[in-house]
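In what follows, a single structure is set out as structure tokens and then discussed.
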Amino acid sequence: MSKNQSAPAYTGDIAAQEIDPSREYSKENQEIEFSGEQHAIWADLFAGIYQPYLIEHICAEWKAGMELLELSPMGICTVRHLIDHITPRTGWRIERTVVRYTLADDWYKKFGQRVFLITDYLRTRDQMEFTPEPDMFHDIFGHLPFLTQKFYAEIEDKFAPAYMKATQEEREVIKRLAWYSTEFGLVAQENRFKVFGAGIISGRKELTRTIMEFYRLGRDNVIDYSKPVFPQLEAHFRANKTNLYRIIDGVNALHQKGQMSTADEGWNVALGLYKSLGIKPEGIFGGEVILAPFDIETIARIPKTVYAFNPMLFVCRSLEEMDAILDSYLKPIAMR
Ligand SMILES: [Fe+2]
């Protein structure tokens, strides 16, 4: 199947693809001439997210990184621009690839060399709000501001050495940990929940739905934002763990049936599961997404490969704590 003929089905696995290796970018030739329409899509994506009422819900480190990265709101920057703004700060390099979903093993090999791959694919007009497939807007706008920041480079440095030495089973956990931290993680900052994951930051729909849940938690008196928020979330988690795990089992069952693979089904997963499991839609179960503390045991149970809207997001007490939790799992494996 030519990848241009029909959209890939998001079964949750990374799609196999036919790649013409002669099309891969060389070290010398990393740049692309983008069309006017592609620059316009970039500008509209940028303007759709880079709004004060949205970015106030994104963590401080991303905002600091955005200042340093100096991305143009008007069009797609060159790889050279990215390297010049990132490599001197953290040592990470950026490489363009034709591969649209890089297989985890290849991805981590590059990661181990401190190379962050960006695709040469940009979403089309009909995917402005949401694309299940990570495109270059996701890579550049979502991840790369962070790569100007030392702490993020250090977090990213942890994954590859562990992944290389991990058993197959551990690799699944590692992929989930990466998914629910750097892709879809949240963090408590300024006594609010803030978005950390690049997958949320780069998708207007995912971002706005996540922010709506922050407000709902306040509106429904689940979280009192005038008191420390993280201990309240922990208390809800402890009190509701049984139902939370029933929901995760439900997500796994849907995932195995391939029913987590479209945006339409994905957005309604949590609501559908409250109904089918007889869980009252109130408290932490009142919204389209469930917030829980970042906890390895829980994350290891829920599939990573949910290309639709994630029904559950995990919050770290701080980025330092995220670092420590990731270390506790990844370091012993890396040191084998
Ligand atoms: Fe990503």
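The values are calculated or read from the model by the stated rules, or taken from the named source; none is laboratory data. Because the structure is a prediction, the values reported are computed rather than measured. A quick note on method: Cβ atoms are made from the backbone with ideal geometry, for glycine too, and the neighbour counts reach across all protein chains shown.
A few remarks follow.
- The number of residues in the range 237-255 being closer than 21 Å to Val187 by Cβ and within 24 Å of the chain's Cα centre (by Cα) comes to 2.
- Checking each residue in the range 189-209 for being touching a strand residue (DSSP E or B) at 6+ places or on another chain (Cβ under 6 Å) and either more than 16 Å from the ligand (Cβ to nearest atom) or over 30 Å from Lys331 (Cα atoms) (or both) picks out Phe193, Lys194.
- Top-ranked residue of the range 122-135 - restricted to ones that are in contact with a Phe, Trp or Tyr (Cβ under 9 Å, 6 or more places away or on another chain) and more than 11 Å from the ligand (Cβ to nearest atom), ranked as farthest from Ile94 (Cα to Cα): Phe130
- Failed condition for Thr87, given (1) polar (S, T, N, Q); (2) more than 13 Å from the ligand (Cβ to nearest atom); (3) in a loop (DSSP other than H, G, I, E, B): (3)
- Members of the range 210-222 that are in contact (Cβ under 8 Å) with a residue 24 or more places away in the chain and either aliphatic (A, V, I, L, M) or in a helix (DSSP H, G or I) (or both): Thr210, Ile211, Met212, Glu213, Phe214, Arg216, Leu217, Val222
- Unmet criterion (only one of (1) more than 12 Å from the ligand (Cβ to nearest atom); (2) under 26 Å from Lys331 (Cβ atoms); (3) surrounded by fewer than 17 Cβ atoms within 10 Å (Cβ to Cβ); (4) of a type in the set (A, V, I, L, M)) for Ala153: (3)
- Test: Glu172 is modelled with pLDDT of 95 or more and away from the ligand (no atom under 16 Å from the Cβ): no
- Any hit, the range 92-102, residues being assigned to a helix (DSSP H, G or I), touching a helix residue (DSSP H, G or I) at 6+ places or on another chain (Cβ under 7 Å) and under 28 Å from Arg176 (Cα atoms): no
- Cβ pairs under 6 Å, 6+ apart, first in the range 91-103 and modelled with pLDDT of 95 or more, second of a type in the set (S, T, N, Q) and part of a loop (DSSP other than H, G, I, E, B): none
- Single match in Ile302, Ile296, Ile279 (criterion: surrounded by 22 or more Cβ atoms within 10 Å (Cβ to Cβ) and out of contact with any Gly (no Cβ under 6 Å at 6 or more places or on another chain)): Ile302
- Qualifying helices (runs of 4 or more DSSP H) (wholly inside the range 122-209; at least 1 residues being out of contact with any helix residue (DSSP H, G or I) (no Cβ under 8 Å at 6 or more places or on another chain) and either of a type outside the set (Ser, Thr, Tyr) or closer than 24 Å to Arg96 by Cα (or both)): 150-165, 168-178
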